[in-house]
Amino acid sequence: LIMLGGYLSFGPGGYQNTPLADVLPVRIDRLERQRPGERISTDLHHQGKLRMTPTRPLGAAHPVMQLSHGDANAKSWGELPPLEGANRFAGVKPGAQIIAASEGNRPEPLLVAGSWGNGRVLAFAGDTTWRWVMEGFGKQHRRFWRQVILWLSKKDDVEEGAVWVKLQQRRFEPGGRVHFTIGATEPD
C-alpha cells in the first residue's frame with residue numbers, strides 16, 4: 001500500500017478515523033482536518049518548493065531510492081526538480097523508516113516506509129513527481145515509481161546473484177532465534 005500526499009490526504013483528508021490510520025507508517029492526529037474549499041492550512045501542508053533527498057544512511061541504501069549506481073545516486077537526486085509542496089506528517093510511528101526528507105536545516109519526512117503484517121507500506125507526502133517528467137527527467141521518474149512498486153510487492157529482492165538468503169522477518173529480539181532460507185539460482 002502507498003498513500004500519496006495531497007490537500008485531502010492523510011490527516012487533512014480525515015483518514016484518522018479509518019483502518020488506514022493503523023496501517024500507515026506515519027501518525028495521524030485526530031485534530032488534523034482540511035475541509036474541501038477552505039484555504040490550505042500551512043499547519044498541515046508545506047507550501048513552496050521542497051527538494052527530496054535520500055536520508056543518510058538509511059534512505060541512501062534503500063531500494064526505492066536508487067536512481068543511479070554508487071556515488072552517482074546522490075547527484076541524480078540533486079538534479080531533480082523540487083516537489084511543489086507536500087503534506088506535513090504529525091509524526092513517524094516506531095519501527096518506520098524515513099527514507100527521504102526535504103533538504104535544509106530542519107528536514108521534514110517526505111517518504112516513510114513501514115510494514116503491516118506481511119506487507120509493506122509507504123507514506124509519500126508529495127504528489128508532484130509528475131513535474132520531473134515535464135522538466136526532462138522522465139527516466140528518473142519511471143525508475144523511481146517502478147522501484148516503489150517493486151519494493152511494495154516485495155520484488156525488490158529478486159535474486160541478482162547466484163546465491164540468496166531470505167529471512168522470515170526483518171527485525172529480531174536480541175538473543176532470539178533467527179530462521180532463514182538459503183538457495184541458489186544456478187546449479188554450479
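The values are calculated or read from the model by the stated rules, or taken from the named source; none is laboratory data. Since this is a predicted model, take the numbers as computed values, not measurements. Note that we place each Cβ from the backbone using ideal geometry, even for glycine, and neighbour counts take in every protein chain shown. Quick note on the areas: whole protein, heavy atoms, side chains included, nothing else; ligands and nucleic acids left out. Shrake-Rupley method; radii C 1.70, N 1.55, O 1.52, S 1.80 Å.
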request  = State the number of residues belonging to the range 80-94 that are open to solvent by 50 Å² or more (accessible area, probe 1.4 Å) and over 23 Å from Leu31 (Cβ atoms).
outcome  = 1
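Out of the residues in the range 109-152 that are in a loop (DSSP other than H, G, I, E, B) and in contact (Cβ under 8 Å) with a residue 24 or more places away in the chain, state the one that is most open to solvent (accessible area, probe 1.4 Å). First the steps, then the outcome.
Pass one, the range 109-152, residues in a loop (DSSP other than H, G, I, E, B): 117-118, 125-129, 135-137.
Filter once more, so that each one left must be in contact (Cβ under 8 Å) with a residue 24 or more places away in the chain: 125-129, 135, 137.
On the way: Ala125: 1, Gly126: 0, Asp127: 77, Thr128: 11, Thr129: 10, Glu135: 114, Phe137: 43 Å².
Per the criteria, the residue is Glu135.
Looking at Leu67, Leu24, Leu31, Leu8, which is the one that is open to solvent by less than 40 Å² (accessible area, probe 1.4 Å), of a type in the set (A, V, I, L, M) and over 17 Å from Gly114 (Cα atoms)? It would help to see each step written out before you state the result.
Numbers: Leu24 fails: over 17 Å from Gly114 (Cα atoms); Leu31 fails: open to solvent by less than 40 Å² (accessible area, probe 1.4 Å); Leu8 fails: open to solvent by less than 40 Å² (accessible area, probe 1.4 Å).
Just a single option satisfies the conditions, and that option is Leu67.
When you scan the range 153-181, how many residues do you find that are among the basic types (Lys, Arg), surrounded by 10 or more Cβ atoms within 10 Å (Cβ to Cβ) and either over 19 Å from Val64 (Cβ atoms) or modelled with pLDDT under 85 (or both)? Give the derivation first.
Quick first cut of the range 153-181, residues among the basic types (Lys, Arg) only: 154-155, 166, 170-171, 177.
So of that shortlist, the ones also surrounded by 10 or more Cβ atoms within 10 Å (Cβ to Cβ) come out as 154-155, 166.
Checking the rest, the ones that are also either over 19 Å from Val64 (Cβ atoms) or modelled with pLDDT under 85 (or both) come to 166.
Within the range 153-181, residues that are among the basic types (Lys, Arg), surrounded by 10 or more Cβ atoms within 10 Å (Cβ to Cβ) and either over 19 Å from Val64 (Cβ atoms) or modelled with pLDDT under 85 (or both) number 1.
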message = I'm told Gln34 meets every condition in (1) modelled with pLDDT of 95 or more; (2) in contact with a Leu (Cβ under 8 Å, 6 or more places away or on another chain) except one. Can you identify the failing condition by its number?
response = (1)
key: Options Lys49, Lys75: the member that is open to solvent by 60 Å² or more (accessible area, probe 1.4 Å), touching a strand residue (DSSP E or B) at 6+ places or on another chain (Cβ under 7 Å) and of a type outside the set (A, V, I, L, M, F, W, C)   = Lys49
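At least 1 residues that are among the β-branched types (Val, Ile, Thr) in each: list the strands (runs of 3 or more DSSP E) lying fully within the range 3-103 that qualify. Steps first, please.
Details: elements: 45-50, 52-54, 83-87, 97-102.
Result: 52-54, 97-102.
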